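Data first, discussion second: the structure below is written as structure tokens.
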Amino acid sequence: MSRDPNSAASLFTHVDVTAGAVSSRAGEDFGDDTNGLLRQMIAAQDRHNELLEELIEQMSAAHKQRANELGQWKQANPQLARRCRRAAESLSKIQTQFLENLTEDLNENAEHLMDGEFMLNEFVDRFGPRLAHLNGVLQMLSQLGANPNAANNSQ
């Protein structure tokens, strides 16, 4: 392998390191560019904060509206709200028993579930949809039966 001395020379460039007016001006430009970039970053962060505040306001307004509607429904249907609360308490006990059965089955069959995809699919098919639906119904009953304030907790 022979090296061409001209190809090695093309790797190096000539750098002027003498002090002069040009180099001091380049430093000032760098400082101005940095300050400009920092100002742009601050402006972008300010805009980002404004957008987050608007998003929080919208989400808060929707949450307040939903809570207000739910409170109105509970006032219009106080007996049904109490029954929903009792049903949620009963369903919570059922959910606890279901979870005990699920975990017992899982612990007994863990080795088979890890060894075969078929067994894992059977487990998920057996418990997954029931658990998802049970959680959804329990959440709905809990929201409908929840007391809007501490004054109603004595009922």
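The values are calculated or read from the model by the stated rules, or taken from the named source; none is laboratory data. This is a predicted model, so every value here is computed, not measured. Reconstructed Cβ throughout: ideal geometry from the backbone, glycine too, with neighbour counts over all protein chains shown.
Residues checked against (1) surrounded by fewer than 11 Cβ atoms within 10 Å (Cβ to Cβ); (2) at pLDDT 95 or above; (3) closer than 30 Å to M140 by Cα:
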{"residue": "D32", "(1), (2), (3)": "yes, no, no"}
{"residue": "L38", "(1), (2), (3)": "yes, no, no"}
{"residue": "A76", "(1), (2), (3)": "yes, no, yes"}
{"residue": "R82", "(1), (2), (3)": "no, no, yes"}
{"residue": "R85", "(1), (2), (3)": "no, no, yes"}
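Take A110 and tell me if it is more than 28 Å from the chain's Cα centre (by Cα) and either in a helix (DSSP H, G or I) or closer than 16 Å to A146 by Cα (or both). Yes; evaluated as a whole, the condition is true for this residue. Applying the criterion of being of a type in the set (S, T, N, Q) and modelled with pLDDT of 90 or more to the residues of segment 137-151, the residue that is surrounded by the fewest Cβ atoms within 10 Å (Cβ to Cβ) is Q139. Looking across segment 120-136 at every residue that is hydrophobic (A, V, I, L, M, F, W, C) and exposed (fewer than 14 other Cβ atoms within 10 Å of the Cβ), the one that is modelled with the highest pLDDT is identified as A132.
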